[in-house]
Amino acid sequence: MPVAALMPSASYALLAHRGVVVSILRVPGIYAADRLPLDRLRKGTPALCAADDVYTNHIHADDLAMLTCAALRYGRSNRIYNASDDSDQDG
């Protein structure tokens, strides 16, 4: 079974335990300077193959770190947060 199929049930299992306080961050693809396809870019080949060019959600590593700190400080207990970058990737 794919990991993605297990995540919702695992998340809800954590939330179901009494006395356990959790905040769950559902994180999409993480990007940062050290996670770019630099070899492809240097060669002038597409960063994504046509088959990989689909609608996806991403978040920059710095934004994820800030979101994690905010969830720890301000997040309500036993909540699930969907993390995503709101930037437009169209150019």
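The values are calculated or read from the model by the stated rules, or taken from the named source; none is laboratory data. Since the model is a prediction, treat every value here as computed from it, not as a measurement. So basically every Cβ, Gly included, is an ideal-geometry build from the backbone, and we count neighbours across all protein chains shown. These accessible areas exclude ligands, DNA and RNA; they are computed on the full protein's heavy atoms, side chains included. Shrake-Rupley method; radii C 1.70, N 1.55, O 1.52, S 1.80 Å.
Residues in segment 42-50 include none that are modelled with pLDDT of 80 or more, open to solvent by less than 60 Å² (accessible area, probe 1.4 Å) and among the β-branched types (Val, Ile, Thr). Here segment 15-47 is the region considered, the condition is being within 17 Å of the chain's Cα centre (by Cα) and among the basic types (Lys, Arg), and the residue that is nearest to GLY75 (Cα to Cα) is ARG26.
State whether one or more residues within segment 8-19 are at pLDDT 80 or above, surrounded by 12 or more Cβ atoms within 10 Å (Cβ to Cβ) and of a type in the set (S, T, N, Q). No: zero hits.
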